[in-house]
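Trainee: First, the structure itself, so that you have it in front of you.
The values are calculated or read from the model by the stated rules, or taken from the named source; none is laboratory data. Predicted model only: the values in this text are computed from it and were never measured. We place every Cβ from the backbone using ideal geometry, glycine too, and count neighbours over all the protein chains shown. With ligands, DNA and RNA removed, areas are computed over all heavy atoms of the protein, side chains included. Shrake-Rupley method; radii C 1.70, N 1.55, O 1.52, S 1.80 Å.
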Amino acid sequence: MTVGDWPLLAVALPFVAAALTPFVLRYAEAAAPYLLCLFPAAIFAAFAAAIPGIAAGQSLNCGIDWLPAVGIRLSVRVDGLSSLFALLISGIGTFIVLYAGAYMKGHPGIGRFFSSLFLFMGAMLGLVLADDLISLFVFWEGTSIASFLLIGFDHTRQAARRAAFQALVITGLGGLSLLAGVLLAGQIAGVHSLTELLASGEALRGSPLYPLVLALFLGAAFTKSAQMPLHVWLPNAMEAPTPVSAYLHSATMVKAGVYLLMRLNPVLGGTPAWESILPFVGGVTLIGGALLALRQTDLKLMLAQTTVASLGLLVMLIGLDTDAAIAGAVAYLLAHALFKGALFMVAGAIDHESGTRDIRRLGGLRRAMPVTCAAAALAGLSMAGIPGFFGFVAKETLYGALADLRVWAAIALAVCGNALMFAIAGQVALRPFLGAPRATPRHAHEGPIGLWAGPLVFGAKGLAIVLALPLAVSLTLGPAVNAVAGHPVDLTLHALPEHVELPLLLSLLTMALGVAAYLSADRLRSLLDTLAAVLKWGPDRGFDQAIAALLRLATLVTRSLQSGRLEAYITATMVLTALALLVPMTVHGEWPALPVWPHLLLHEWAIVAIAFVGLVAVLRARTRLTAIVSLGAQGFAVATLFMLFGAPDLAFTQFMVETLSVVILALVMTRLKLAERDHRPLGQKVIDGSIAGAAGLGFGALLLRVTQTPFDSRLSDFYEANSRLVAHGRNVVNVIIVDFRGLDTMGEIAVVMITGLAILALVRVRARIVIHKEDDRS
Amino acid sequence: MMGTVIFRTLSPLISALTLMLAVFVTLRGHNDPGGGFIGGLIAASAFALLGLSHGVPAVRQALRFHPMSYAGFGLLLAVCAGLLPIFTGRSFFTALWTFPQVLGVEIALSTPMFFDIGVFFVVSGAMTSIALSLEQRGGGV
C-alpha cells in the first residue's frame, strides 16, 4: 500500500468510521457529530486535491487482489465521472452528518443510525469508484442493504418495516440483475474490470446477446433509480429519518442507476434499443413523478416524487445520447443533488421545529426561521430554474440538447415536467414561509446550526457554481462529460443565454406554465385525487398483491409436499429407495448371482433364527410396544452377527443404537397410544408389505452384488499400513473417524447436535400445545 | 411404572458403572474397539436409565448444566482440536502428538484424542437431552 493507493483508503474510511461511531458517541457526546463529519470531510478533501490531475485527463487506478484465482480484484478507478460522484457523496455526506447530529439529537438509536449511515457512505463510494465488475456488484448490494437498515430504522412502526422490505425486494432484484449483467458482459468481452470493458469497443454491441445484457443492466438501473413502474419503493422510503431521505433517497443512492447508465454509455449506448427505451421510460417517469408530486401535501413526499421525476429526466437525457444531452444530464445531476439535498434538509428542519410537514398547515415561517427560509429560497430558485442559478444553466443545457434533436415529443415532456417541478419548487420552498403565520403543533423557531448549515451551503453553491462556471466546467463537469461520452467533448456552459433562441423560449414557456401550475396547485391536486380514486389500483398495491401471491404459492407448495403425515414420508422414502436400487439393477442387468448355501455353525444358525423370530414377532405383534421390543431383538441378533464376523466396532455401536432406539421409541410411544393395535385394511397391508419387501429385496441384492464384485483393497491397505505408523492407533475404524477423516466426523457431530436441537424444539412445541389445551380447559 | 424398589436401588449403581464404562470405552477407542461415538451412546443410556428410575429432575440436577450445553461444549472442543494445528503452521486437522512422562509412565496426548472426547460429549449430550425431554411428561425441556 503506497500513497498512490489513497482512493482505496478513502473507500475503507467510512467503514472504519462505522466501527468507531459508538465509541465517539459515548465519549464525545455533544461534540460527536462535529468529530464524525471529519471523516467525510477528509475524503472530500482528498478527492478535491486530486481534481487538477483528473481534469488534466489522468485517471487513478489502484487495487488489491481479492480472489486472484478467478481474476477478482478489489480495484478502484478515479476518473471524471467517479470523481464527481465521490465529491458529491463525501461533500453532501459531511453536512448530512452534521445535520443528522442535530436532527437525531437525544434519540436512543443514534449510534445504530450513524453506523448504518457510514456503512452506506462506504458502499456508495465503493460503488462509484469500483473498477472491478464483481466489486461493483458487491458495493451495489451494500448500498441496498444500508438503505434497508436506514429505511427500517424506526423498526417499531409497521409502515417503516414494510417500506424497508419493499425497497430491499425491489432493489435486491435489481442487484441480482446487475450480477447477471456484469457476469455476462464480462464473459462476452472477456474482461474483469470496467476499464477493460470500456476499452472493448463494439464487443457488447456486436454480440448476439446484446439485448439480454442491456435488459439486465437496465433492470438494475431502473430499480435503483426508481423508474416507473418500479418507483414505488422510493416514496415509501420516506419512512426513513429525514437525513436519510436527503442523502440516500435524493442526492446519492438513487443516482446509482444513473451512474451505471452513464458509466456504460460508451459500450452499451448508441443503439436503437438504448435510444428508444431510455427516453421512453425516462419521459414517462418524469411526467408521472411530477404529477404524483403535485398530488402530495406532505413536504417530504412531494420532494420524493419530484426526485422520481428528476431521475426520469436524467434517464431520458442519457438515452438521447448526444454530447449535448450528456452535458445536460451531468449538469442537471449536479444541480439536482445540491438543490434536492438542501430542500430535503429544509423539509426536515421545518418538521423538526414546527412538528408538521403538511403544506396546508404551514405558512409564514419566514420570521420564525429566517436562515432556513433563505436556504430554502436559494435551493428552490435553483430547482425552479430561475436565471442566475445553476438549475437554470442545467435546464438551458438540456433544452439546448433537445432543441438540436428536434424531437418534439421529448421537448413537450421535458417542458411539462419542468413546469410541474417549477410549481412544486414554489410549493415546497416558498409556501411554508410566505403568508400569515399559522398555528403549528410546535412553536416554530430557528433550529441549531447543524439544521441550517447544510441547506444554506448547498443553496449558496447553486449560485456560486454559476459565478465560477468556466472553472466548474473545466475541473469537474467537463471531465465527467468526457467519461460518459467516452470521448473528449468540447463543453461550454453559459450562465445566461447569449442569443434568444429556442432553449430560452422553452425556459420562458416552462416558467409561465410553472407559475400557472403553482397558482392552480390546489385545484390540480383535487383533480388528481379524483383520478386516483377512480383508478384505485397502483404499483404499490400491486407489490403487496405480488408478495401475497408469492406467500400463497409457497404455502400451497409446502402443503402439497409436506403433508405432516409420517406414513406419507416413510412411504415416499421407501418407494424411492426401492426404485433407486431395483431400477438400475434391472436396466443394466446387474442382478447378483444366487449365493451358495452358507455352511454355518450351530450357534450362528441360532442367531439367524433369533433374528427371524424377531421379524415374525414384529409382523404379528398385537400392540405397538411388543412390535418395538421385537424389532430390538431382531436388531440385537444382527449386531451379534456383525461381532461374529469380525466387525466388533460395528457390533458395539449397533448394540447401543438398538438399545437407545428401543428406549426412545418406547418413550415416544408413551406419548401416543401404546397399547393400541395396529389395524390396517387388507389392501393397505398388501401395499405396505410390497413396498417393504421391495426395499428389502433391493438392499439384499445390492449387498450380494457388492460382495460378488472383486474387492479393490487399495484404500484399506493404505489405512492398515498407516494407521499405526502415522496416526499411532491400532483401531483402524477409530483412526479413520477421528484422524484420517476427521473433517467428515466434525460435520457429522454438528448434524447430531442440530438434530438434537430440532427434536428438543419438536418436543417443546408438543408440550406447549398440551399446556395450551389444559389452559383452555381451566 | 418404573418405581420398583429393586430398580430404584440398583439403577444408580448401574448408571455409575455404565458411565465409567463409557469413559473407558471412549479412551481405549484408538487401539481397541470403542471410541467417542459409542462411548457417548453408553453414557446417554446411563442417564436415560437414571431418568427412568429417579425421575428427570434428579438427573437434570445431577448434570448441573442442560445436556445440550455438554453437546455444544463437545462440538467446540472438537473444532478447537481441529484448529489447534493451524497455530503451529500446519493445515487444519493435522494430528498433533505429544508423549509426556508422568510419574515415569509415558502418556500419549493428541489432538485426535481431544477430538474424540468432543465427539463423546456431542453424542452423549444430544442423546441424553432427547431421552430426558421424552421421559419428562407434560412439558419442560
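Trainee: Test of understanding: among A:248, A:264, which residue is open to solvent by less than 10 Å² (accessible area, probe 1.4 Å) and over 29 Å from residue A:100 (Cβ atoms)?
Mentor: A:264
Trainee: Picking from B:51, B:34, B:74, which residue would you name as being in contact with a Gly (Cβ under 9 Å, 6 or more places away or on another chain), within 14 Å of chain A (Cβ to nearest Cβ) and crowded, with 23+ Cβ neighbours inside 10 Å?
Mentor: Only one candidate qualifies: B:74.
Trainee: How many of the residues making up region A:165-197 are in a helix (DSSP H, G or I), of a type in the set (S, T, N, Q) and open to solvent by 10 Å² or more (accessible area, probe 1.4 Å)?
Mentor: 3
Trainee: Among the helices (runs of 4 or more DSSP H) lying completely within region A:599-711, list those that include at least 3 residues that are open to solvent by 50 Å² or more (accessible area, probe 1.4 Å) and within 14 Å of chain B (Cβ to nearest Cβ).
Mentor: Helices (runs of 4 or more DSSP H) meeting the threshold: A:624-644, A:648-671.
Trainee: Within the group B:120, B:73, B:114, which residue is touching a Leu at 6+ places or on another chain (Cβ under 7 Å), assigned to a helix (DSSP H, G or I) and touching a residue at least 24 places away in the same chain (Cβ under 8 Å)?
Mentor: Just one listed residue meets the conditions, B:114.
Trainee: Related question: Sort out for me the helices (runs of 4 or more DSSP H) sitting completely within region A:402-488 that have 3 or more residues that are open to solvent by less than 20 Å² (accessible area, probe 1.4 Å) and under 30 Å from residue A:353 (Cα atoms).
Mentor: A:408-429, A:449-467
Trainee: Inspect all residues belonging to region A:288-300 and state whether any of them is more than 22 Å from residue A:344 (Cβ to Cβ) and acidic (Asp, Glu).
Mentor: No, because not a single residue in region A:288-300 is more than 22 Å from residue A:344 (Cβ to Cβ) and acidic (Asp, Glu).
Trainee: With the requirement that a residue be out of contact with any helix residue (DSSP H, G or I) (no Cβ under 8 Å at 6 or more places or on another chain) and among the aliphatic types (A, V, I, L, M), what does region A:152-182 give you?
Mentor: Across region A:152-182, the qualifying residue is only A:176.
Trainee: Could you tell me which numbered condition residue B:83 fails, if it satisfies all but one of (1) at the interface with chain A (Cβ under 10 Å from one of its Cβ atoms); (2) within 23 Å of residue A:748 (Cα to Cα); (3) part of a helix (DSSP H, G or I); (4) not aromatic (Phe, Trp, Tyr)?
Mentor: Residue B:83 satisfies every listed condition except (1).
This table checks each residue for (1) under 30 Å from residue A:465 (Cα atoms); (2) free of Cβ contacts under 8 Å to residues at least 60 places away in the same chain; (3) under 26 Å from the mean Cα position of the chain (by Cα); (4) part of a helix (DSSP H, G or I).
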| site | (1), (2), (3), (4) |
| --- | --- |
| A:45 | yes, yes, no, yes |
| A:57 | yes, no, no, no |
| A:63 | no, no, yes, no |
| A:74 | no, no, yes, no |
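Trainee: Same structure again: Within the group A:556, A:576, which residue is surrounded by 11 or more Cβ atoms within 10 Å (Cβ to Cβ) and either in a helix (DSSP H, G or I) or not assigned by TED's automatic domain parsing to the domain that holds residue A:288 (or both)?
Mentor: Only one candidate qualifies: A:576.
Trainee: All but one of (1) under 24 Å from residue A:35 (Cα atoms); (2) open to solvent by 10 Å² or more (accessible area, probe 1.4 Å) hold for residue A:99, so report the exception by its number.
Mentor: Every listed condition holds for residue A:99 apart from (2).
Trainee: Restricting attention to region A:737-778, which residues are of a type in the set (D, E, K, R), open to solvent by 70 Å² or more (accessible area, probe 1.4 Å) and at pLDDT 85 or above?
Mentor: Listed by number, the residues that qualify are A:741, A:748.
Trainee: Is it true that residue A:331 is open to solvent by 10 Å² or more (accessible area, probe 1.4 Å), assigned to a helix (DSSP H, G or I), aliphatic (A, V, I, L, M) and more than 19 Å from residue A:424 (Cα to Cα)?
Mentor: It is false that residue A:331 is open to solvent by 10 Å² or more (accessible area, probe 1.4 Å), assigned to a helix (DSSP H, G or I), aliphatic (A, V, I, L, M) and more than 19 Å from residue A:424 (Cα to Cα).
Trainee: Cβ contacts < 8 Å: first residue outside the structural domain of residue A:245 (by TED's automatic domain parsing) and modelled with pLDDT of 90 or more, restricted to region A:108-126; second residue hydrophobic (A, V, I, L, M, F, W, C) and open to solvent by 10 Å² or more (accessible area, probe 1.4 Å), any location; separation 6+ or different chain. Result?
Mentor: Going by the 8 Å Cβ cut-off, there are no qualifying pairs.
Trainee: Further question: Considering only region A:506-549, state which residues are loosely packed, with under 15 Cβ neighbours inside 10 Å and among the hydroxyl-bearing types (Ser, Thr, Tyr).
Mentor: A:520, A:526, A:530
Trainee: Have a look at A:249, A:192 and point out the one that is at pLDDT below 90 and touching a strand residue (DSSP E or B) at 6+ places or on another chain (Cβ under 9 Å).
Mentor: Matching residue, one of A:249, A:192: A:192.
Trainee: Further question: State all residues of region B:99-123 that are within 11 Å of chain A (Cβ to nearest Cβ), out of contact with any Cys (no Cβ under 9 Å at 6 or more places or on another chain) and open to solvent by 70 Å² or more (accessible area, probe 1.4 Å); if no residue qualifies, say none.
Mentor: Answer for region B:99-123, where residues must be within 11 Å of chain A (Cβ to nearest Cβ), out of contact with any Cys (no Cβ under 9 Å at 6 or more places or on another chain) and open to solvent by 70 Å² or more (accessible area, probe 1.4 Å): just B:99.
Trainee: Might you let me know whether region A:266-275 holds any residue that is among the hydrophobic types (A, V, I, L, M, F, W, C), at negative phi and in contact with an Asp or Glu (Cβ under 7 Å, 6 or more places away or on another chain)?
Mentor: Yes, the conditions are met somewhere in region A:266-275.
Trainee: Of a type outside the set (Gly, Ala, Ser) and under 19 Å from residue B:45 (Cβ atoms): is that true of residue A:643 in this structure?
Mentor: Spelling it out, residue A:643 is indeed of a type outside the set (Gly, Ala, Ser) and under 19 Å from residue B:45 (Cβ atoms).
Trainee: Considering only region A:385-401, how many residues are open to solvent by less than 40 Å² (accessible area, probe 1.4 Å) and either out of contact with any helix residue (DSSP H, G or I) (no Cβ under 9 Å at 6 or more places or on another chain) or farther than 18 Å from residue A:490 by Cα (or both)?
Mentor: Qualifying residue count for the region: 7.
Trainee: Okay, next question. Within region B:57-68, restricting attention to residues that are assigned to a helix (DSSP H, G or I) and more than 11 Å from chain A (Cβ to nearest Cβ), which residue is least open to solvent (accessible area, probe 1.4 Å)?
Mentor: Applying the filter and picking the extreme gives B:59.
Trainee: Let me ask something additional. Name every residue in region A:31-90 that is open to solvent by less than 10 Å² (accessible area, probe 1.4 Å) and closer than 27 Å to residue A:110 by Cβ, in order of residue number.
Mentor: A:32, A:36, A:40, A:43, A:86, A:89, A:90
Trainee: Additional query: List every residue pair whose Cβ atoms lie under 9 Å apart, where the two residues are 6 or more positions apart in sequence or sit on different chains, the first residue falls within region A:262-287 and is within 18 Å of residue A:220 (Cα to Cα), and the second residue, located anywhere, is aromatic (Phe, Trp, Tyr) and surrounded by fewer than 24 Cβ atoms within 10 Å (Cβ to Cβ).
Mentor: A:265/A:274; A:268/A:210; A:268/A:274; A:273/A:210
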